[in-house]
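Heads up: the structure comes next, in structure tokens.
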Amino acid sequence: MFFADSSRAMVVCCVALVVWALGACASLCFGVVAIPLDGVFWGLLWKGLRGTHSGVGIEAIVWDVRVPRLLLATLVGAGLSVAGVTWQALLRNPLADPYLIGTSAGAALGAGIAFLFGFAGVFAWSVSAMAFSGALGATALVYRLGIGPASTQVTERLILAGVAVSAFLGAALSVLVAVRTDAAAPLYLWLMGSLLGRGWAELYQLLPPLVLSLAVVFWFAPRLNLLQLGDELAFGLGCNVVSTRRTLVMAASLLTAAVVAVSGMIGFVGLVVPHWCRLLLGPDLRVVLPLAACLGASLLVVADLCARTLLMPTEIPVGVVTALMGAPFFLSLLVRSGR
Amino acid sequence: MNPMLQLDEVTLARQERVIAQGVTIRVNPGETVAILGANGTGKSTLLATMAGCLQPQSGRVMLAGQPLQHYQTRALARVRAYIPQMQSMHLGWRVKDFIALGRYPHAANDWLPGRPADEQAVFQAAAATGVTDWLDRPLQNLSGGQRQRVYLAQILAQEAPLLLLDEPTTYLDWHGQITFMQTLNNVCATQGLTLVTVLHDLNLAIQFCRRVIVLAPERGIVADGPASNVLTPLFVRDVFGITVHRHTHPDSGHTFLIPAFESPADAMQPLVLHQSGLQDMPNAH
């Protein structure tokens, strides 16, 4: 149960949704080809919703480039934030982010193999499929080595195993890059995190694992609430610690892997948004998780808009924008919370 | 009458390391029991085994007439509530929400606002522990003693007939210790709860628990009985290595213990050894 006096959460949620809506309109209109926000634009939207757009010219720009990219930014932002909240609660560590326990290193190695050894061009989804497998594989390895049969200091062991596996996979990737320096440029771009050139295919690829893992995380939120109090207290309150942790580690890994596979390494969202939500609303994950999803989605939509338009026609990787926006913001939170 | 809690020939172990063997305890409904012993004798291990946190290496633990391992985790939490040794990490919680977490074993749907029965349990637990005035404050604004009462309120909201507390008074000041134990005692008496608690303070144990179970290193349980009978000066000297005087409390009529010092000089200067050590050091002053 919880007490239903969460008016503050509703306010924050509404603000986030308004920001998202404004960002969404701007994302669809602004760009190298600017579309005025008038009757033509709304007609265009309506046509696409009915599935009758022509697929050429301005309609193609909106419906095959900007709309899928907007949706992708929304889902990636929400996914990263929810994954961040989940990892921070699971590991009881405020410094945890979705990439801490080897997910990003695994994804990078997978993508690296695809780029450096020429699989990237074989299928449109080669890179994301390889990144997805790499991320899941690395996390499974970390979980197996870190927890295994151990029952004490589980969170510490997970983090340590994650750091070690990440270091190893990072080194392995460096070896590959050293061997194929000539082919490394697209890999670097991918590593910085970007939504450039992503479309409906990536969206459809992201959707099933994202929906599945989000459903699991939200369903388990009350149990995760208990788990973040510590294993023994959680068990005393009736939470099956081992199975809850196993399920949530799998769900959070799947979520992170799915997101990283389509967007590369977009940093800071998964670290900053959870902190921000907890500062605003306290530690109850039943409030924090939905709010983190809304805030993360809005944040990434705005960040992606900036990434596309600030240095037009050059595009900045959105991961760079989130770090440039996120780091000062995070520091200001830090300074203010210290007062 | 079925015992609330029963341990038969249990071997206590933590991570394969055997701590005590042949532990047999029977606790009846409504009893208040203190587990005493020096550090490292397995008090916490015993309590965690009773709570189902640790599996005994051998032997059987029965809870309300059923073997412990037959319980689902949630069902277990409706029978026994457990507070492990305190770590104060979760300070962002509002008192009200934190107590409400104790309703988890009863909740039909954890995402919905509480049913009337849930809210009533929370408010009753808050009233019984005297935390009603702080319900809307975050835990971090409370003192250690107040927080400890919030923890107690949380497990009371759990509405389990058996309470297992591990050193609930350890980090509290004197006022906090006494008021916490008084609250605990009142709640157990009025609600008919069974209490098993690990304590370090022998006088608190005598004052507030009818029965004490004493553990000693290598020997397992060395005594189990009424506090005043068990804690004789001879016994305390044997198990805790401290010489004590025994007196009668003028209010309660219970016995209480005060440490004896071999000579008045020792009592006045307990740091004699330390000071002479200092004098040997150059430039100590």
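The values are calculated or read from the model by the stated rules, or taken from the named source; none is laboratory data. Source: prediction; values computed, not measured. As a convention, Cβ positions derive from the backbone with ideal geometry for all residues, glycine included, and neighbour counts pool all protein chains shown.
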Would you pick out the residues in the range A:222-235 that are over 19 Å from B:Leu76 (Cβ atoms) and crowded, with 23+ Cβ neighbours inside 10 Å? A:Leu224
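A quick yes/no check of all residues on (1) farther than 30 Å from A:Leu224 by Cβ; (2) charged (D, E, K, R); (3) within 14 Å of chain A (Cβ to nearest Cβ):
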position	(1), (2), (3)
B:Gln21	yes, no, no
B:Ile35	yes, no, no
B:Tyr71	no, no, yes
B:Arg78	no, yes, yes
When you look at A:Leu233, is it more than 27 Å from A:Val65 (Cβ to Cβ), within 14 Å of another protein chain (Cβ to nearest Cβ) and touching a Phe, Trp or Tyr at 6+ places or on another chain (Cβ under 7 Å), yes or no? no
Which one of the conditions (1) more than 11 Å from chain A (Cβ to nearest Cβ); (2) without any contact (Cβ under 8 Å) to a residue 40 or more places away in the chain; (3) surrounded by 15 or more Cβ atoms within 10 Å (Cβ to Cβ) does B:Glu119 fail to meet, given that it meets all the rest? (1)
Residue set B:Asp201, B:Asp173; condition farther than 21 Å from B:Glu9 by Cα and under 12 Å from the mean Cα position of the chain (by Cα); output residue B:Asp201
Among (1) more than 14 Å from chain B (Cβ to nearest Cβ); (2) within 25 Å of A:Pro283 (Cα to Cα); (3) over 16 Å from the mean Cα position of the chain (by Cα), which single condition is A:Val211 missing? (3)
Exactly one of these conditions fails for A:Met312: (1) more than 19 Å from A:Gln88 (Cβ to Cβ); (2) assigned to a helix (DSSP H, G or I); (3) in contact with a Gly (Cβ under 9 Å, 6 or more places away or on another chain). Give me its number. (2)
Residues of the range B:158-197 that turn out to be closer than 24 Å to B:Gly42 by Cα, surrounded by fewer than 18 Cβ atoms within 10 Å (Cβ to Cβ) and in contact with a Gly (Cβ under 7 Å, 6 or more places away or on another chain), as a count: 1
Would you say A:Ala185 is exposed (fewer than 15 other Cβ atoms within 10 Å of the Cβ), farther than 18 Å from A:Gly267 by Cβ and over 17 Å from the mean Cα position of the chain (by Cα)? yes
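Here are A:Ala257, A:Ala215, A:Ala178: which of them is at pLDDT 90 or above, among the small types (Gly, Ala, Ser) and part of a helix (DSSP H, G or I)? Lay out the reasoning, then the answer.
Values: A:Ala257 fails: at pLDDT 90 or above; A:Ala178 fails: at pLDDT 90 or above.
Exactly one residue qualifies, and that residue is A:Ala215.
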